[in-house]
Structure formats: structure tokens, C-alpha cells
Amino acid sequence: MAATDKEKILEAFRRWGYLQADLDPLGHLKPLPHPELALDGPEAERARRIYCGKLAVEFAHIPEPERRRWIAERMEAEPPEPDRQRILDFLLRAEVFEQMLQSRYPGTKRFSIEGVAALLPLLDAVLSTAGELGAEQAVLAMSHRGRLNVVLHIVGRSAVELFAGFEDVDPRSVLGSGDVKYHLGATGSFRTAQGRKLAIHLVSNPSHLEAVNPVVEGIVRAKQTFMGDEKREKVLPVLVHGDAAFAGQGVVAETLNLSLLKGYTTGGTIHLVINNQIGFTATAEESRSSTYCTDVARMVQAPILHVNGDDPEACARAMQIALDYRMKFKKDVVIDLVCYRKYGHNEGDDPSYTQPVMYRTIKGKDSPGTLYTQRLLREGVVTKDAVERIKRQIQDALNAAHEEAVRKGEKWELQEVTEYEEATIPHICPRTAADEALLEKVIEGITTFPEGFTLHPKLKPFIERRREILRGGPVDWAAAETLAFGTLVLEGTPVRLSGQDSGRGTFSQRHLEYFDYNTGEPYTPLQHLDPRQARFEVYDSSLSEYAVMGFEYGYSLGDPLTLTLWEAQFGDFANGAQIMIDQFIAAGEAKWGQPSGLVLLLPHGYEGQGPEHSSARIERFLQLAAENNLQVCNATTPAQYFHLLRRQMYGGHDRRGLRKPLVLFTPKSLLRHPKCVSTLADLTRGFFEPVLSDPEAVQPDRVVQVLFCSGKIYYELAAEREKRGAWNTAIVRLEQLYPWPEQEVEAALWRYPSTAEIVWVQEEPRNQGAFLYVRDRLEPMLAQSRRILRYAGRPEAAAPSTGSARRHAQEQAAVLEDAFSGGSPIRPRRYRVVEKRRNLPVEGARPEA
Ligand SMILES: Cc1ncc(C[n+]2csc(CCOP(=O)(O)OP(=O)(O)O)c2C)c(N)n1
């Protein structure tokens, strides 16, 4: 046969062989016919053995010939000799542990590994190979299935600790509110086949499948950056997925899309899909439109290795190829581990209601451990006695651990803790004022460009205004922000900001990156302030909220000493990442003891731009706020913003030193409001003030009305007061909503007569914004003086705002009118369009809500 014919046959199998591979331990998946594979003869048989066995690879979609050639060479080479003893040991450990849990804790959920015991040899293969290639750490994520086994045998936590979880005497569950044992994270170390130690971090995750993926990527990126791991070989991300979740959850695609982006890459992730061919009760046909559960990974041209979970040697080989590929090409790679689930979704579930046929097959099957033992007995690699001895040793060690856990449990009791004082975040942090010389250095740096750099002509006045600051000119919002970043990096604190269009800023206000007008070359002045400065990074992110916010949250965990900020294009869009906010940012510390100092920048404010560009949903964050889990702020001056950003690094933590996320509503129109400015002197002294009492112009003892508000409406109220000459009205701004600044609010109330009317004014509808939250806290403070809180703002509404700019203006005027002269709308106002003079409804126009 001519060489070209041989090559043609091989090429057909390289391209399509996976369609006919022997992948399903249950034997239900049938080979898919393909005309190009209808070949026979010795060459075809050889190619079939390579590409249609228990290990198959899908890689023809990779465009680069070099990558395809590399994979083909690996597949076509003789497989390396597997470490059979080690594989057997892992399988037996996995199964004995599960059987023990089953007998000691029947009916308790454990999401058993049985049916997919090959997971352990697979993880061993990736970690051992990674260790050999110089990796020092792996950051792992997985859902519930097999997790306890992984914690014990891969993360290296003690069996005593795991049994303590089952006895519900794990001390960790007593701190904070805790979480169920199969969601908790763990850190430990893994001993590789060569005896090296690899640090392992199994990241805590919520029930929300796949949500942890971008968090892992962020943690890894932070660690790589911190360790100076430029080749991205020291810290390895490993994501373990479920088949239904991998195909169904959009965050999988969002995270894959980050994998090659400059600001987000981690040098390739190992994706291991536990394809047990079922999702709770749903079949593959019900779960996905694609043939394979892994098809989504083709979007980044990742190779996909499909492997039969009953063949642990093929599994280990698949993983070695995958890891080598990741290390060589620094790109994502996927392993589709085809297996089955021995029990129902959890051990108490009867799967035969919905999958009677599948579960009859499963019932009659020997486990992967049993099958492999039989194979090694047949091949004479082990003896029956030796296997029994290993099993007994595993069993004895587990029994001893179990007894110890029970003994320990008897010593624990729950005592109610009434004081949680140490979790309180101090409001005031005097360290945020910056040195004048440092500020000058930043201004110098951000207004100076390299030789030959041509600035965009429209930006010249912008730079000029910044230079003016040195001569007493105003500091606007974006300048204050740049100065906060600049001073932080000069003081040694790295800064990382990411979000859609964050470099320029959605509102063209920021310009942290400049592009040469002639060449398009970028220049980021904050990276060139001083040779010894800390790192400054700003990235325009992919158009994702869920994954990118998750990534930055992960970054804040991986490197707590970097000021990490995620910015929404408009605050509303943050709800695309609601899972990140609810499950991680708000509750991560309470559930998992996992502190984060992430800053969320959420543009907010009613400016007539419509329902989707007005509200960052202040009410949602306030509803999530409890037990000092967050800081929720709505600053109104550039100086306040400056101090707040710096406070996040110098004081944004509780008395134990644990950082707290900062949710910051940021302005839009105030970015260019002539009154929303500060001076350089405001940055060299003072600190962030949670409550801003009225400027001195108002004589406190003559005040008859105090308007409490938060955010941009302050400027409108101040202008309205001036217009009306209502100088007996004071306006107090709540710059920090949570933690509630009780003392500062109290002090503000004391400034004015106890007969003054107290009003809460907001531009958000009554059921939104801060009103209900503030009322809960302010009214008890007013009770002493027998006052109630009056509300002035928009009435309740289903959508955050109107879509009509005209109606917006009308409503905004009504809010101001209500504030000063006593209205208090509760019901939604309804409008209809009428002919101007005759008051006749316009035909076809429907009443608007
Ligand atoms: C986002 C989300 N939706 C729904 C659920 C409820 N749920 C828990 S497990 C499961 C099935 C998951 O199937 P698969 O990804 O195949 O993993 P398996 O449980 O089979 O290992 C579902 C729907 C969940 N945990 N997360």
C-alpha cells in the first residue's frame, strides 16, 4: 500500500474515529456510522485500534496543524507503561471509603463516587504529571459528585475530619453559618507518584453548578501573578464538571471564552467532565442539542479526549496526554469521562422511576475497582491475598479514624455567641489621606507621555485639566479615582480593574489607557509612575458579567493584597452575575470563612436613560447585607471616592483583619457636574465620612426640615433649595448605607431641633432604592422624639424607571416638590397621553403605568 493511502486511512480515523469508539461502560451508546470509516484491511484495523478503542480524541476542529500533529503522534505512539499498583490502590480506596460511609451513615447524602471511581486515578495522573513538569500548586473545583473522596484522597484531608462532618461535629460548621460538607472547600497537599508534594486548593462552591469555574480561574491568575509565574506552569487550574451542567450552564462558555484573553488567561485549564450520562433524572437527549456533552469546548478549539470510565489505564493515559498538551500549548483541554452513577441523584433517590433500563444494567455491573482487580488478577500483576490485604488496611485505617471522630464529637457542644464584635468594620480610617508630593508625582505621571507619542487631539484639554489640579484646579470623579490608584501603586499596593470598556470608561471619563493617534499603540501612564511601583492592570473584559465578576472575585481571594475592582457597564447589568453576588460575595465568608476585598463599581442614577440604565438595584445589596458581610456605599464627592478606594486597602476589613467586599454605586452625570468636584487638599487630609452633614451655610437651630438622601439626588436637592431659598431645610447625605453608620446618623439628628420634620428623599421607586432599609433603622432613632419618617420619591413601580425622558423629568420634578412641600406618593402614578388643549385621549395611545 502506498504511503499516501496509509496516511489517508489514518487521517480518516484521526478525524472521525471518536464517533465509533468503545466509550460506554453500560454498552448503551452505539457507534455512530460514518462513511469515511467504512474501511477494512490491516491499516484500517490498526487505525481503528488507535482511535476507536476505550480512549478516543476529537481534534480535527483544531486549525493549527502543529497542534493536530502533536496529538496524533501521542495517540499513535506506544502507550507508556501504567503504574498498575497505584491505579488499583486509588480505585480500592475510593470504593472502600464509599462503602464505609454507606454502612455507617445510610440515608445521608454523600453523592457517591461509585461508577466513576476512575476519577481518582485521573486526578492522580494530572497532578503527578504536573508535579513532574514543575507545577507547585493546583486549584481544583468540582461539584458534589465524588467530592468527599477527592477531599480525602487528593486534597489529603484527614478521614477524622470527614467523619466529623458526618457526625455534624466539624468545628468549621460552628463558625459563621457554615455549609453542607459536600460544598466546603479544602486545602492540603497531594503526594505525586514521584513522591513530590503539590499544594492543593479545592475551592468551596455553592450548589449552583459550574458557578465556581471563573472563580477558580481568578484565583489561579492571582497566584500566577503573585508568584511571578510568567509561563503559567507553577499553578494549574483543574475544573471537574458534570455532563448535564457542562452542556447546560452558560457560565461554562463564558469561562471558556476568557481562557485566551490577555487579562484573564491562566495558561490553559484541564476540564474533566464526569459524564455519568444522566443529570438528576434527565437523559442526555433531554439535556442537550449536541451529540457530546463536551461540544461547547469546541468554541475555543480545545481537543476533547473521550474515555471509558471502566478502563482506568486508558483514563490515566488520557490525562497524561491532556496535561502534556496543556503544558506545551498553554490552552484548555477537555476529558470526557464516560461512566455511570451507581445510585440515584443522591443515595436516597430511586433512579429506576425514570431510568428503569439503565439502572437494571447498572445493578448487574461490577464496579470499576472490581473489574480492574479481576484484570490484574488475570494478568498476574496482583494476587487475591494481596488485594484482600490492601482492602483490610484501608478499612482498618478508616475504622480507627471513624472512632476518633466519634470520640472527638463527644467533646464538642454548641454555645450561643451573643457578641460578634470582632466582625465589625470600623467606618473611619485615617490612613487614607495621601502625601501631597505623592499626589503631585501621580499627576506628573498621568500627564506625561513617552517621546514621540501622539495624543488624540480631543484629549488635550482633558490632560490640561489634570495638570491644572496642581495649580488649584478642581479634582473631578475620574481624576480622584486615578489619583487613588496612582497613590496606591506608588505605596506598594497593586491595583487591578476589569470590566467592559473599563480602560477608557463607559462614559469616556476615565482614560487610564491612551492610544497613539497615529499608530494605535496603547500607553497606560499608571504603569510608568516609578520603577519601584506596584503593578497596575486595567482590562476591557469580554461582554460577560457572570464569569468576569466571578473571575475578579476569585482574584480577590487569590491575592488579598491587590485592590481588585470589577466594574459594570451600567449597574443594572450586574444582575447577570446575581449568582456571584448572592452565593459568593455576600455569603462566602459566612458559609466558608472565605473573605474577599473585591470592589464592585456600579454606575447608578436616574437621568432619564430608561429602565435598564438607571438603577444598580441598591435595594438588593441592602437586603443581602447582614453580619458585616459587605460595605455598601454611595459616595457623592470625588474626595469621598478617593478615600473610600484607599480605605478598602488600608481599612476595608474587620477587627480580625478579614477584608469585606465593597459595593460602590458610582455616578454618571456627576462625572461632569460642575459642583461634584474636590480639591487636592481634600485628598491630603481627612478620611471617608459615612455621613455628610449639611455645609455650614444652614443654621442648625433654625432648621425645620431635614432631608436625608444618598447619592446624586443630593445635588438636585441642593439646587432646589437654593432656587426656593429654603435655608431652613438641611440636607444630610448617607454616603455609607451598610454597615449602618448609627453614631454618625445620630450625630446628624442631634445637630437639628427635635421638632424638625425628617424626610427620606430618593429618586428610585418606593419599593426600590434604600428607603425600606433606611426606614427600618431611622424610625427607631426618631421614636424618642415621637417623629416618623416621611418618604419623598417615586411611588412603587415594577420597572426601575420610565423609558420616556420627558416623563422622567416630570417625575424628578415631582420628587423635589414632594421633598420640600410634603407629598408622599404610595401608589404608582399613571399617565395617559392627551391632546394638549382639549384634554382628549390620543387615539391608540394606551395608558402607561
Ligand atoms: C445551576 C443549578 N441548577 C440546578 C441544580 C440542581 N441540580 C443538582 S445536581 C443536578 C444534575 C446535575 O447533573 P450533572 O451535571 O450531569 O452532574 P451529576 O449530578 O450527574 O454528577 C441538578 C439539576 C443545581 N445544583 N445548579
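The values are calculated or read from the model by the stated rules, or taken from the named source; none is laboratory data. Everything numeric here is computed off the predicted structure, so don't read it as measured data. Cβ atoms come from the backbone with ideal geometry, glycine included; neighbour counts cover every protein chain shown.
Does any residue of region 579-587 turn out to be in a loop (DSSP other than H, G, I, E, B), over 23 Å from Val180 (Cβ atoms), modelled with pLDDT of 95 or more and out of contact with any His (no Cβ under 9 Å at 6 or more places or on another chain)? No - not one qualifying residue is present in region 579-587. Can you find, within region 247-297, the residue that is nearest to the ligand (Cβ to nearest atom) among those that are farther than 30 Å from Val235 by Cα, in a loop (DSSP other than H, G, I, E, B) and out of contact with any Pro (no Cβ under 9 Å at 6 or more places or on another chain)? Here the answer is Phe280. Here Asp701 clears all of (1) among the charged types (D, E, K, R); (2) assigned to a loop (DSSP other than H, G, I, E, B); (3) over 29 Å from the mean Cα position of the chain (by Cα) except the condition numbered (2). Screening Thr755 with (1) free of Cβ contacts under 8 Å to residues at least 12 places away in the same chain; (2) in a loop (DSSP other than H, G, I, E, B) gives one miss only, at (1).
Flag: Arg191 does not match the condition of being more than 16 Å from the chain's Cα centre (by Cα), buried (at least 17 other Cβ atoms within 10 Å of the Cβ) and more than 16 Å from the ligand (Cβ to nearest atom).
Among the residues making up region 173-228, a single one is closer than 23 Å to Gly250 by Cα, small (Gly, Ala, Ser) and assigned to a helix (DSSP H, G or I): Gly218.
Residues of region 1-31 being part of a loop (DSSP other than H, G, I, E, B) and not aliphatic (A, V, I, L, M), which ones?
Keep residues of region 1-31 that are part of a loop (DSSP other than H, G, I, E, B), which gives 1-2, 21-31.
Those that are part of a loop (DSSP other than H, G, I, E, B) and not aliphatic (A, V, I, L, M): Asp22, Asp24, Pro25, Gly27, His28, Lys30, Pro31.
One line per residue, one yes/no per condition, for (1) assigned to a helix (DSSP H, G or I); (2) of a type in the set (Lys, Arg); (3) within 26 Å of Glu233 (Cα to Cα):
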residue: Gln99; (1), (2), (3): yes, no, no
residue: Pro106; (1), (2), (3): no, no, no
residue: Ser112; (1), (2), (3): no, no, no
residue: Gly115; (1), (2), (3): no, no, no
residue: Asp124; (1), (2), (3): yes, no, yes
residue: Ala130; (1), (2), (3): yes, no, yes
residue: Ala138; (1), (2), (3): no, no, yes
residue: Leu152; (1), (2), (3): yes, no, yes
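When each of Gln609, Gln623 is tested for being more than 15 Å from Ala478 (Cα to Cα) and at pLDDT 95 or above, the lone residue that passes is Gln623. The set of residues in region 322-347 being within 23 Å of Glu286 (Cα to Cα) and assigned to a loop (DSSP other than H, G, I, E, B) consists of Cys339, Tyr340, Arg341, Lys342, Tyr343, Gly344, His345, Asn346, Glu347. Considering the conditions (1) modelled with pLDDT under 95; (2) surrounded by fewer than 18 Cβ atoms within 10 Å (Cβ to Cβ); (3) part of a loop (DSSP other than H, G, I, E, B), Gln784 is excluded by exactly one of them, (3).
Of everything in region 225-245 that's among the hydrophobic types (A, V, I, L, M, F, W, C) and closer than 17 Å to Val203 by Cβ, which residue is nearest to the ligand (Cβ to nearest atom)?
The first filter runs over region 225-245 and keeps only residues among the hydrophobic types (A, V, I, L, M, F, W, C), leaving 226-227, 235-236, 238-240, 244-245.
Now narrow it down to the ones that are closer than 17 Å to Val203 by Cβ: 226, 235-236, 238-240, 245.
Working: Phe226: 31, Val235: 26, Leu236: 23, Val238: 16, Leu239: 13, Val240: 10, Ala245: 3 Å.
Restricting to residues being among the hydrophobic types (A, V, I, L, M, F, W, C) and closer than 17 Å to Val203 by Cβ, the top hit is Ala245.
Taking every residue in region 278-294 that is touching a residue at least 12 places away in the same chain (Cβ under 8 Å) and over 19 Å from Glu58 (Cα atoms) and pairing it with any residue that is among the charged types (D, E, K, R) and within 9 Å of the ligand (Cβ to nearest atom), at least 6 positions away or on another chain, the pairs with Cβ-Cβ distances below 7 Å are Ile278/Arg341; Gly279/Asp243.
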